[in-house]
Amino acid sequence: MTKRSKILIGLGAVALLGLGGVALAQGGAVSAAVAAGQVGERADGYLGIRGSVGADVRAEVEQINIKRRALYTQRATDRGVAVEAIAAATACQALQRVGVGQAYNLGGGWAVRGAGDPAPKPGNCP
């Protein structure tokens with residue numbers, strides 16, 4: 001099975017299981033850091049930190065990523081696919097929600113979505 005096929009299977013699982021909202025939940029400190037471009041979505045399905053943030057934001061990002069990993073693992077086990085496939089499929093959805101002025105990382109470094117820019121899309125997303 002190709003990597004793209006695994007992503008498509010994972011994306012289907014994400015859509016069927018309503019994983020998006022639960023896996024993407026963020027608290028107030030992280031939401032503010034996302035709006036400021038200090039925290040952003042990564043192509044691997046996890047949040048990343050861009051630049052310097054306070055300890056509270058760093059801790060919240062770590063907790064969100066731990067929860068995401070647990071949910072990805074559960075869904076992958078239920079569907080018989082790799083955890084990375086579920087995580088990458090979720091990233092495809094999360095990156096579609098990146099707003100103007102928000103940071104993201106497709107694997108080659110951080111970028112900020114500008115006005116008029118299309119939503120970021122990793123090469124493995126349909």
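Every number here is computed from the coordinates shown, using simple stated rules; none is lab data. Small disclaimer: the values here were computed from a predicted structure and weren't measured. As a convention, Cβ positions derive from the backbone with ideal geometry for all residues, glycine included, and neighbour counts pool all protein chains shown.
At-a-glance table
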| item | result |
| --- | --- |
| Protection proxy ranking of 51-61, 32-42, 111-121, 66-76 - average other beta-carbon atoms within 10 Å, highest first | 32-42, 66-76, 51-61, 111-121 |
| Shape category assigned to the range 79-125 from the gyration tensor of Cα positions, a/c cut at 1.5 | prolate |
| Listed residue (Trp110, Thr90, Gly51) projecting farthest to the positive dipole end of the range 38-126, Cβ model | Thr90 |
